[in-house]
Amino acid sequence: MVRTSPAVGVAVALFAAVALLFASSAFVQGPASPSGPSHAQRTRAGAFLGDSAAPSLEESPAAPVQGSWSWAAPLLSLGVAFGLVAGFLQPAPVRAITAEQFSQLTYQQVRGSGLANRCPTVESQGTEISVQKGQRLRGVCFEPKSFQVETDIDGKPAFVNTKLMTRQTYTLDFIEGTLNPNPITFVEEDGMDFAATTVQLPDGERVPFMFTVKQLVAKGAGDTFKPGFTWGGEFEVPSYRSGGFLDPKGRGMYTGYDQAVGLPASQADGAEGQDAIFKETNKVFDIGRGAIEMEVNKVNQDLGEIGGVFVSKQPGDTDMGAKAPKTILLKGIFYAKVV
């Protein structure tokens with residue numbers, strides 16, 4: 001089958017749209033004049049046949065009456081044509097690409113494409129990657145595909161699916177750290193290792209959390225990465241908000257008011273009233289703990305790349321100590337390169 005370049009496809013689409021535009025414009029401008037010889041042709045024909053009398057002018061047919069919306073017909077046809085052009089030129093869905101292909105793209109090619117929120121894919125080549133002492137794991141990327149929150153359903157805790165409210169800025173990338181064998185141990189040190197994310201429960205409640213793998217220590221038995229290899233560990237989950245955050249009443253951890261200005265009566269006694277809103281007033285920087293489990297399903301022995309899936313469980317936001325955190329369950333894909 002003959003392949004055509006994208007430029008040729010675009011040109012064909014534009015030509016078809018322009019042709020449709022002219023055809024639709026001609027259609028909406030009304031019917032053409034009746035066919036037959038024109039006045040000049042009839043005059044010449046009469047003179048040739050010896051008819052000395054000038055032919056009488058026949059009454060031309062009346063022009064079609066234009067409706068009140070006739071002016072909009074060309075515009076509508078133009079809109080249809082441009083709609084077809086937009087349909088042909090709209091961008092295709094973002095597809096996974098390898099890290100090598102991604103490194104060859106310019107900023108303008110990545111900007112607005114959604115690729116910045118995608119983890120690279122791994123082309124399977126070879127069977128395993130041996131880990132040597134002193135190596136590093138670079139370019140580690142975690143891309144969640146599923147967000148679930150633990151909530152009570154009929155009095156029983158269960159994980160329910162949620163709706164993602166955050167834009168495409170929730171992927172962790174460029175993470176790196178030390179790597180050693182027997183057992184394989186990865187210690188996270190640096191990178192874009194946190195992302196503020198918000199999801200919405202079916203009942204409309206929104207749950208913010210800090211998706212992260214800060215200070216992750218992941219271990220797995222053996223000294224080689226190969227399909228089916230599992231490893232995992234625990235990590236720290238920092239507070240969703242920093243110490244400089246001020247709530248709607250102006251209260252904060254380091255700055256702002258130390259009491260609810262709008263509720264002076266409930267704080268006057270310094271006892272029961274104060275106890276009721278103590279957690280709201282006493283802002284703290286909570287640090288939680290999370291755990292992650294990973295499984296390798298692809299390796300590229302020549303490039304030292306590994307890819308697979310992960311499952312992570314971590315606490316959500318506590319509103320700086322004011323409420324109990326919800327448990328977040330994330331499932332997705334990961335990528336890393338052994339160097």
**Report entry** In segment 325-339, the residues that are touching a Pro at 6+ places or on another chain (Cβ under 9 Å) and not charged (D, E, K, R)
**Finding:** P325, T327, I328, L330, G332, I333, Y335
Report summary line: Among residues of segment 188-207 being crowded, with 17+ Cβ neighbours inside 10 Å and closer than 25 Å to V339 by Cα, the residue farthest from the chain's Cα centre (by Cα) is E188
Query - Members of segment 88-124 found to be modelled with pLDDT of 75 or more and of a type in the set (V, I, T), listed by number - result: I97, T98, T106, V110, T121, V122
**Report entry** Residue in segment 135-142 that is buried (at least 17 other Cβ atoms within 10 Å of the Cβ), assigned by TED's automatic domain parsing to the domain that holds K214, on the phi > 0 side of the Ramachandran plot and not in a loop (DSSP other than H, G, I, E, B) present
**Finding:** yes
Report task. State whether one or more residues within segment 80-87 are surrounded by 13 or more Cβ atoms within 10 Å (Cβ to Cβ), of a type in the set (G, A, S) and either modelled with pLDDT of 75 or more or more than 27 Å from V296 (Cα to Cα) (or both). Result -> yes
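The values are calculated or read from the model by the stated rules, or taken from the named source; none is laboratory data. All of these numbers come straight from a predicted model, not from anything done at the bench. All Cβ positions, even for glycine, are placed from backbone atoms using ideal geometry, and neighbour counts span all protein chains on display.
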